[in-house]
Amino acid sequence: MKKDKGDDVVLRVTEAYYRDVGRGIARVDPEIMEKLGLQSGDVIEVKGKSTAPAIVWPGYPEDRGTGVIRIDGNLRGNAGVGIDDRVTIRKAEVKNAEKVVVAPTEPVRLMGGEAYLLRLLEGRPVMRGQKIRVEIFGHTLTFVVTATKPSGIVMVSRTTNIELKEKPTEELKRAVPSVTYEDIGGLKRELRLVREMIELPLKHPELFQRLGIDPPKGVLLYGPPGTGKTLIAKAVANEVDAHFISLSGPEIMSKYYG
């Protein structure tokens with residue numbers, strides 16, 4: 001952890017625990033919260049390549065003095081950072097949301113979508129450009145906040161008017177799956193190895209240049225169907241913001257290969 005200008009602090013990003021996933025919260029080193037005068041439930045700006053609002057809560061006992069911030073994959077994506085990246089946090093100026101306009105990233109018809117999104121977002125801060133992941137009947141849908149009234153970071157309340165557009169937004173044109181590391185359970189060792197072989201060379205190629213060694217050319221994941229091979233690949237692509245193409249055996253050979 002290091003101090004930035006004013007009341008800004010730079011922290012290292014680490015994974016959120018499963019109990020915090022999807023809640024829009026950031027767990028911050030308790031010592032940093034004390035220094036910044038932050039209280040549980042305050043709204044902060046998490047700034048990486050972009051800015052994302054989050055509700056701050058104290059980190060866990062093991063986080064004290066480590067200078068870490070625990071945020072889930074959705075918040076990492078909105079802030080434009082990955083695990084072990086650095087982010088700047090500061091207390092946010094928040095206004096009450098009069099209106100929030102949301103658009104899907106793919107064609108979808110959702111009956112009662114405005115009421116459902118209001119229940120989901122009530123008590124949470126949002127801002128223009130923020131992505132929202134919604135689980136509906138086991139399927140994950142991604143929405144983007146395209147406008148807010150007033151502008152800036154706003155807090156959604158019971159009186160907020162939620163407008164759900166039918167036409168998919170043009171703001172998220174990239175072939176990257178919305179899968180995060182927190183979506184994968186029981187494969188911690190495999191994830192660690194894959195991150196070392198894929199994520200590290202993509203995010204920090206200068207390390208390999210300095211050491212004079214070649215980065216891995218690729219990685220082979222093998223195992224029975226349904227064990228999480230494709231899910232791991234999708235999660236890594238999402239975390240490093242890489243283009244993702246999925247090809248199955250039957251698509252290029254015949255239906256008996258897969």
Q | Count of residues meeting criterion [without any contact (Cβ under 8 Å) to a residue 12 or more places away in the chain and among the β-branched types (Val, Ile, Thr)] in the range 199-220 | A | 1
Q: Give the residues of the range 1-34 that are basic (Lys, Arg), surrounded by 13 or more Cβ atoms within 10 Å (Cβ to Cβ) and modelled with pLDDT under 90, sorted by residue number.
A: Arg23
Q. So which of Pro150, Pro125 ends up being surrounded by fewer than 14 Cβ atoms within 10 Å (Cβ to Cβ), within 26 Å of Lys47 (Cα to Cα) and either of a type outside the set (Phe, Trp, Tyr) or in contact (Cβ under 8 Å) with a residue 60 or more places away in the chain (or both)?
A. Pro150
Q. Tally time: how many residues in the range 150-207 are in a loop (DSSP other than H, G, I, E, B) and either modelled with pLDDT of 80 or more or of a type outside the set (S, T, N, Q) (or both)?
A. 27
Q. Within the range 105-120, is even one residue of a type outside the set (D, E, K, R) and at pLDDT 90 or above?
A. yes
Q.
Let me spell it out: the conditions are (1) out of contact with any helix residue (DSSP H, G or I) (no Cβ under 9 Å at 6 or more places or on another chain); (2) under 28 Å from Glu199 (Cβ atoms); (3) of a type outside the set (Gly, Ala, Ser), and Asp84 meets all of them except one. Which number is the exception?
A. (1)
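The values are calculated or read from the model by the stated rules, or taken from the named source; none is laboratory data. Predicted model, so just to flag it, every value in this text is computed and none were measured. Positions of Cβ are backbone-derived with ideal geometry, glycine not excepted, and every protein chain shown enters the neighbour counts.
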